[in-house]
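Shown next, in structure tokens, is the structure this report addresses.
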Amino acid sequence: MTHLQILKEAADDYELVRQNLEYLREHWREQPSLETLAVRNGLSAAHLQRLFMRWAGLSPKAFVQALTIDHARKLLRESASVLEAAYEVGLSGPGRLHDLFVTHEAMTPGTYKARGKGLEIRYGIHDCPFGRVLLMTTEQGICGLAFADFGEEQAALLDMRKRWPEAVYVEDPPATAPKVAQIFSPSAWKAEQPVRIVFIGTDFETRVWQTLLKVPMGRATTYSDIAGHIGNPKASRAVGAAVGRNPISFVVPCHRVLGKSGGLCGYHWGLTRKQAILGWEAGLVSSGSGQS
């Protein structure tokens with residue numbers, strides 16, 4: 001290969017990576033995978049990965065993560081006054097979407113201390129936009145929502161059952177399927193048909209989870225913000241533990257809790273899923289499809 005041919009090939013590779021970086025900047029909310037990009041470019045995933053590492057210094061996945069975190073930092077910068085107002089009036093502000101259409105109550109402390117004894121929980125495993133979802137319900141409402149990757153559904157069920165080990169569990173997908181459809185379909189978020197949820201936890205955990213319901217879609221909060229709101233500003237660590245034990249993922253939006261620097265922090269169901277949910281919500285807010 002001549003020197004000119006080498007230069008031409010390098011220029012072509014650089015241009016391909018540049019175009020893909022631009023594509024990712026425009027479509028990061030969709031969390032496109034390496035495989036999706038590879039098909040789009042007519043290349044193997046391994047070859048595209050090598051090109052990115054050579055010319056951009058990071059993988060496509062890392063670039064999308066950087067864009068997501070940058071967006072998260074922006075959310076935090078813009079959120080302070082909005083969140084304070086939302087906390088005070090008990091609403092979720094202009095981007096509230098389905099948050100306002102969730103009604104909630106808490107089980108008695110005795111039910112929690114008895115580890116669910118005397119409680120019947122029906123459950124089903126279904127598909128959703130973020131993989132597989134396990135939904136658990138009682139007569140009062142939804143008590144559990146957990147995500148799982150394909151093949152890991154039983155592990156998710158076991159993880160959730162450990163929270164209330166004395167409860168009676170009944171597999172009942174026909175009963176839970178309509179609730180899954182309502183939760184993940186923005187067109188089904190209606191004030192006259194609210195999603196009913198029930199908290200089973202300590203008093204402290206319940207207060208943290210209730211506060212999470214006030215964080216608007218398209219916004220973010222921090223552990224310290226929540227601690228301040230519940231009147232215990234030094235309890236950030238305990239708040240973090242309560243957020244991590246949130247049993248009703250997505251509906252109770254623990255994914256909207258970020259680090260002070262805007263970092264994504266941990267997420268019980270995986271940071272990739274947290275990124276995907278934040279991106280999905282950002283797309284809804286920007287399109288106005290969920291405005292109340």
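The values are calculated or read from the model by the stated rules, or taken from the named source; none is laboratory data. In this text the structure is predicted, and so the values were computed from the model without any measurement. Using ideal geometry, Cβ is built from the backbone for each residue, glycine included, and neighbour counts are taken over all protein chains shown.
Worth pointing out:
- Any pair with Cβ under 7 angstrom, 6 or more apart, that starts in the range 59-76 at a residue that is over 9 Å from Trp28 (Cβ atoms) and modelled with pLDDT under 80 and ends at one that is crowded, with 19+ Cβ neighbours inside 10 Å and of a type in the set (D, E, K, R): Leu75/Arg219
- Hits in the range 212-226 (condition: crowded, with 21+ Cβ neighbours inside 10 Å and in a helix (DSSP H, G or I)): Leu212, Tyr223, Asp225, Ile226
- Within the range 165-198, the residues that satisfy the criterion of being of a type in the set (D, E, K, R) and loosely packed, with under 13 Cβ neighbours inside 10 Å are Glu166, Glu171, Lys190, Glu192.
- Residue in the range 80-97 that is out of contact with any helix residue (DSSP H, G or I) (no Cβ under 9 Å at 6 or more places or on another chain) and either of a type in the set (S, T, N, Q) or at pLDDT 60 or above (or both) present: yes
- On inspection, Ile125 fails the criterion of being surrounded by 21 or more Cβ atoms within 10 Å (Cβ to Cβ) and under 21 Å from Phe184 (Cβ atoms).
- Index of the failed condition, Gly201 passing every other in (1) touching a residue at least 40 places away in the same chain (Cβ under 8 Å); (2) buried (at least 19 other Cβ atoms within 10 Å of the Cβ); (3) in a helix (DSSP H, G or I); (4) out of contact with any Ser or Thr (no Cβ under 8 Å at 6 or more places or on another chain): (3)
- Set Phe130, Phe101: member being modelled with pLDDT under 85 and under 21 Å from the mean Cα position of the chain (by Cα): Phe101
- Complete set of residues in the range 250-259 that are in a loop (DSSP other than H, G, I, E, B) and without any contact (Cβ under 8 Å) to a residue 40 or more places away in the chain: Gly259
- Verdict on Val180 being touching a His at 6+ places or on another chain (Cβ under 7 Å), in contact (Cβ under 8 Å) with a residue 12 or more places away in the chain and closer than 30 Å to Ala227 by Cβ: no
- The range 149-158, residues that are buried (at least 17 other Cβ atoms within 10 Å of the Cβ) and either free of Cβ contacts under 8 Å to residues at least 24 places away in the same chain or closer than 20 Å to Glu120 by Cβ (or both): Ala156, Leu157
- Looking only at residues of the range 154-185 that are in a helix (DSSP H, G or I) and small (Gly, Ala, Ser), we find that the one that is modelled with the lowest pLDDT is Ala181.
- Among the residues examined, Asp172 qualifies as among the acidic types (Asp, Glu) and either more than 25 Å from Tyr267 (Cβ to Cβ) or outside the structural domain of Ile230 (by TED's automatic domain parsing) (or both).
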